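Any read-out appearing in this document is the output of simple, stated calculations on the displayed coordinates, not a laboratory observation. This one's a predicted model, so the numbers in the text were calculated from it and none came from an experiment. Note that we place each Cβ from the backbone using ideal geometry, even for glycine, and neighbour counts take in every protein chain shown.
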């Protein structure tokens, strides 16, 4: 198969089978997470992941258009896709901070339980799934380390925003027939209908985001306490 087709074919076959190599994905998450916290203030490190993420998004969206993927698959209504655009383009503030939390959550979920398109590695969709979530985790952690703000009632805000964002995603699923946010056919927990899927996924996601937010907030408070001593 020509190299171009290997990377960019639009003829589906089967998703890549990782086998024993699967363990590299969660290990890579820990490595990227550590480096992103350690070098969050490094301009070179920031630029690598910022531009890497932007180039990755432009390439994968160009492939979606060229491959004529349906709106049920190609729109930016997965949580990670939304977070990728928000962390790159949104101004600093509560909204961006929320999607930075979503990006950490989405990166972990995507590489612990990877779901690949039916194209063999190293197809652009597979590279996108791995590198894109590395970049997302890095960019989100860099933002949270540098700009995280403790907010009053942050748990309630996370709850409101998650229910609102997921309602928009589920509406997109109704219109396109897609499985955005994995709320039409959730993995692991199974399909319980659109309404119950929405509630179950949203409640679990809200709890996880509140936990991530609590861990980051506690870390920030400990750091400030140690600096003031």
Query raised in the report: What's the angle, to the nearest 10 degrees (0 to 90), between helix 154-176's Cα axis and the longest principal axis of the chain?
Result: 10 degrees
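If R0 is 41 Å, what FRET efficiency do you get for residue 199 and residue 45 from their C-beta distance, rounded to 0.05? Write out the running numbers ahead of the final one.
Numbers: r = 39 Å, r/R0 = 0.96.
That gives a FRET efficiency of 0.55.
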Query - Normalised contact order of segment 50-179, rounded percent, pairs of Cα under 8 Å and 6 or more residues apart - result: 33 percent
Query raised in the report: In segment 54-164, if every C-alpha pair distance is counted and binned at 5 Å from zero, what percent goes to each bin?
Result: 2, 11, 21, 23, 19, 12, 7, 4, 1, 0
Query raised in the report: Pulled fully out, how much extra length does the chain show between residue 31 and residue 14, if you take 0.36 nm times their separation in residues and subtract their Cα-Cα distance?
Result: 3.2 nm
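So for each of 57-69, 97-109, 156-168, 78-90 I average, over its residues, the number of other beta carbons within 10 Å; can you give me the resulting order with the highest mean first? Intermediate results must be reported in sequence, preceding the final value.
Values: 57-69: 14.6, 97-109: 23.7, 156-168: 16.5, 78-90: 20.0.
Taking the mean over residues of other Cβ atoms within 10 Å, the ranking is 97-109, 78-90, 156-168, 57-69.
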**Report entry** Shape category assigned to the chain from the gyration tensor of Cα positions, a/c cut at 1.5
**Finding:** oblate
Report task. Considering Cα pairs under 8 angstrom that are at least six residues apart, work out the relative contact order of segment 3-228 and quote it in whole percent. Result -> 27 percent
Report summary line: To the nearest 10 degrees, the tilt of helix 43-66 (Cα long axis) against the first principal axis of the alpha carbons of the chain is 30 degrees
Report task. Just order 184-196, 38-50 by mean Cβ neighbour count inside 10 Å, highest at the front, would you? Result -> 38-50, 184-196
Report summary line: For the pair residue 223 and residue 23, the simple spin-label estimate (label points 7 Å beyond Cα toward Cβ) gives in nm 3.2 nm
Query raised in the report: Based on DSSP H runs of at least 4 residues, each adding -39500 (n - 2.57), what is the mean residue ellipticity at 222 nm of the chain after dividing by all its residues, to the nearest 500 deg cm²/dmol?
Result: -24000 deg cm²/dmol
Query raised in the report: Cα axis of helix 124-147 to longest principal axis of the chain: angle in degrees, 0 to 90, nearest 10?
Result: 10 degrees
Query - segment 182-222 versus segment 1-78: alpha-carbon centroid distance in Å - result: 23 Å
